[in-house]
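All remarks here apply to the structure that follows.
Since every read-out is calculated from the coordinates, none of them should be taken as a lab result. Source: prediction; values computed, not measured. As a convention, Cβ positions derive from the backbone with ideal geometry for all residues, glycine included, and neighbour counts pool all protein chains shown.
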Amino acid sequence: MPRLLVRKQKHFLSYYLIWTPYILTYVLTNRFPVREPIQLPVTWLDQAIPFLPFMIPVYVSYLVYAFIVIARSREDHEVNEIFHITHVQLLTCLVFFLSFPVTFPRDLYYFSDPVTSLFNRFWIWFDAPNNCFPSLHTANCCLAIHYSQDKKHRWLFTTWGLLIIAGTLTCKQHYVIDILAGILVYVFSLKVSEWIGTGYKKAPLRTGRGL
């Protein structure tokens, strides 16, 4: 295992500082694509999935979900593993974000209601719809679910992560193929982590108090 780059933090918000370069890389490639983003064909499955505005808060909860999971890590080595694997996911997605940027036509679903339209204007400013393929949100959520399986309240965090992934579709932020590609990125990142020796090691389930 490589020397630890990050350690378990005492304060939850510290993890946002550790992952700031990661976040900025995503934001910059999203806001300033080097190539013109393209729209993919909307398949029958994309059309069949309903637009559910009440899922918007669930989808937005991703902004705290992943970092809560990191904060629940028990030891330095686990935080370090998550750091390495998330960056493998980011670098994998960047290949597509830079060479094949994909956008989603959110305006088709958010124009009729003033509340959802307001959210859409804010969200396009906050998270431009240009880094759709693969879905990094999905890859991150799969990893968060992965690291929740040996801890207390694993069913809560598993369900929460799955609902966020579902929200990427029902809130009309991604195509179905983006989600499938995000899952493949997650699987690929675990394989790479095993190859470089930072793979996840399951620990006994704790029953003590925690997040």
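For the chain, set up a GNM with springs between Cα atoms under 10 Å and report which of 62, 16, 147 has the largest fluctuation.
Comparing 62, 16, 147 in a Gaussian network model of the chain, the most mobile one is 16.
Residues with beta-carbon under 13 Å from that of residue 111, excluding residue 111: net charge, scoring Lys, Arg +1 and Asp, Glu -1?
Charge balance near residue 111 sits at +1.
Which of 54, 104, 83 comes first, and how do the rest follow, when ranked by fewest Cβ neighbours within 10 Å?
So the ranking, lowest neighbour count to highest, is 54, 83, 104.
If you keep only loop residues by DSSP, which trypsin sites (Lys or Arg not before Pro) in the range 24-131 have at most 14 other Cβ atoms within 10 Å of their Cβ?
On the way: sites: 31, 35, 72, 74, 106, 121; in loops: 35, 72, 74, 106.
Those satisfying the criteria are 35, 74.
How far, in nm, would the chain grow between residue 152 and residue 98 when pulled straight, counting 0.36 nm per residue and subtracting the alpha carbon separation?
Details: separation 54, 0.36 × 54 = 19.44 nm, distance 3.87 nm.
Gain on stretching residue 152 to residue 98: 15.6 nm.
Net charge near residue 170, counting Lys/Arg +1 and Asp/Glu -1 over other residues with Cβ under 14 Å of its Cβ?
0
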